[in-house]
């Protein structure tokens, strides 16, 4: 099993590498398109800012390379948002695998219970429909940390509520994506990574 | 719905947890990794590791420890203690920390927050504030609470979040160590003023104190050290109690 992690200028990928290590997988971290193409699985992690990351991808030709991947791909957090069509963060055109917009959580209104941005902490996922969630019960807690969210759509395979319901996971063909951080979500998060590796 | 968070804090000196921690079934009670794993298994939602020596010589030891924690602990953790530059933060995040907390250096040089948020994203920049009530105002204190300033806590919290702090860790010096409960008034004021999450710290002595800080204090998370380390309160029991009292908490 060869697992490649997309290497780019933003984001702390150490946690993803360590989480894979805990389930016995030793991934390669690479921005070499040939290595990505030859991997059995590709993970596209992300903590960072959408605009600068997409710019970097275009410069490196990684945008087209990711779109052309045929093996299972897992986008995490910003990685998921970049697989959508457009992000309000930096008014950025993204990769467009999922025909969805990524929007900023609404700011609090006068007299309203404050909705903190970023959403930071453990929230539940429901409406689970994918092999990615085998052995994961409805309303399992996952760790989230984000200010932007993907809308609901036909590719939604998990929903989370934070003021409004949004896509906490997406799937289309070989592309899988999660808004939460499975690498930081305890043993349940570890199961999701295992499920992805087994696809 | 987003759950409230329970966060044990571990003080680190020379790569070890400080003495006085009483545990059974842990091979090395001084090992922050073993203790971190223990708390994660008990249901802690996050961990905080504070380097209390924080000298230049200890930096490398601490970064190595952070990498070991990241390898073995499967929940998020924040590290802090004497962080004063982009380089410090870069080393700790690259070692595998999820968030870093800045305190004194940010007060002395507020642009540091802008610089860190721009470089690493505001979600990983925690602003720690040590605050003390002087009978009139809650004022920011520096160097572990030893040096008072004239800055009002609410003003600093507001400014820091505008500059890009993604979370506030608010410690009341009046309450810290008393076990008489959290500082509900200032916690609530800060939490209702800023738009980012607030972690309340200082004063936890009973399970009811946690209920109070989440309901009356409007905190998003609560941090404690000694009551967990001395097993006066077990995290599993605490979470059960919170649920019984209508607080949404992770099982």
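Coordinate-derived values only; no laboratory data. Quick caveat, the model's predicted, so the values are computed rather than measured. Positions of Cβ are backbone-derived with ideal geometry, glycine not excepted, and every protein chain shown enters the neighbour counts.
For chain A, set up a GNM with springs between Cα atoms under 10 Å and report which of A:163, A:103, A:129 has the largest fluctuation.
A:163
Evaluate the relative contact order of region B:59-159 (contact order divided by residue number), counting alpha-carbon pairs under 8 angstrom at least 6 apart; express in whole percent. The partial results should precede the final answer.
On the way: 131 pairs, mean separation 18.5, N = 101.
Across region B:59-159, relative contact order equals 18 percent.
Restricting the count to DSSP beta bridges whose residues both fall in region B:51-187, what percent are antiparallel, rounded to a multiple of 5?
Working: 7 of 19 bridges.
Approximately 35 percent, going by the DSSP bridge assignments.
Nearest 5 is fine: what % of DSSP beta bridges in the protein assembly as shown come out antiparallel, could you say? Write down the numbers at each step before the final one.
Working: 33 of 81 bridges.
Of all bridge pairs located within the protein assembly as shown, approximately 40 percent are antiparallel.
Please give the average number of partner chain Cβ atoms lying within 10 Å of the Cβ of each residue in B:95-101, rounded to a whole number. Provide the component values of the computation, followed by the final result.
On the way: counts 2, 6, 3, 9, 2, 0, 0.
If you average over the peptide's residues, the count of other-chain Cβ atoms is 3.
Once the Cα gyration tensor of region B:5-244 is diagonalised, what are the square roots of 5 times its eigenvalues, in whole Å and ordered largest first, as equivalent ellipsoid semi-axes?
25, 23, 16
Sort B:191, B:201 by Cβ crowding within 10 Å, fewest neighbours at the top. Numbers along the way, then the final one.
Working: B:191 23, B:201 28.
Going from least to most buried by this count: B:191, B:201.
Per residue of B:71-82, count partner chain C-beta atoms within 10 Å of its C-beta, then hand back the mean as an integer. Before the final figure, lay out the partial values.
Values: counts 7, 3, 4, 14, 8, 11, 2, 0, 0, 0, 0, 0.
Per residue, the average neighbour count from other chains is 4.
Taking other Cβ within 10 Å of each residue's Cβ, how do B:229, B:72 sort, fewest first? Let's see the in-between values first.
Numbers: B:229 21, B:72 15.
Neighbour counts put them in this order, fewest first: B:72, B:229.
Only bridges with both residues in region B:124-251 count here: give the DSSP antiparallel percent, nearest 5.
Details: 7 of 20 bridges.
Of the beta bridges lying entirely in region B:124-251, close to 35 percent run antiparallel.
Taking Cα pairs under 8 Å and at least six residues apart, what relative contact order does chain A come out at, in percent? Before the final figure, lay out each step's value.
On the way: 429 pairs, mean separation 37.9, N = 199.
Averaging sequence separation for qualifying contacts and normalising by length gives 19 percent for chain A.
If I take every Cα pair under 8 Å that is 6 or more residues apart in chain B, average their sequence separation and divide by the length, what percent do I get for the relative contact order? Show your work: numbers first, answer last.
Numbers: 513 pairs, mean separation 44.7, N = 251.
Normalised by residue count, the contact order of chain B is 18 percent.
Top mean-square fluctuation among A:136, A:23, A:125, Gaussian network model of chain A, C-alpha springs under 10 Å?
Largest GNM mean-square fluctuation: A:23.
In Å, what Rg and Dmax follow from the Cα atoms of the protein assembly as shown?
In Å, with Rg to one decimal and Dmax whole: 21.1, 67.
Return the average number of partner chain Cβ atoms within 10 angstrom of each residue Cβ along peptide A:116-129. Can you show the working numbers first?
Values: counts 10, 6, 8, 3, 14, 12, 12, 5, 5, 0, 0, 0, 0, 0.
Mean shielding count: 5.
Please rank B:38, A:176, fewest neighbouring Cβ atoms within 10 Å first, as an exposure proxy.
Details: B:38 19, A:176 28.
The most exposed by this proxy come first: B:38, A:176.
Could you work out which residue, out of A:118, A:45, A:72, moves most in a Gaussian network model of chain A, that is, has the largest mean-square fluctuation with Cα springs under 10 Å?
Looking only at A:118, A:45, A:72, the biggest GNM fluctuation is shown by A:118.
Just for the Cα atoms in region A:3-198, what are the lengths along the principal axes, largest first, rounded to whole Å?
54, 38, 29
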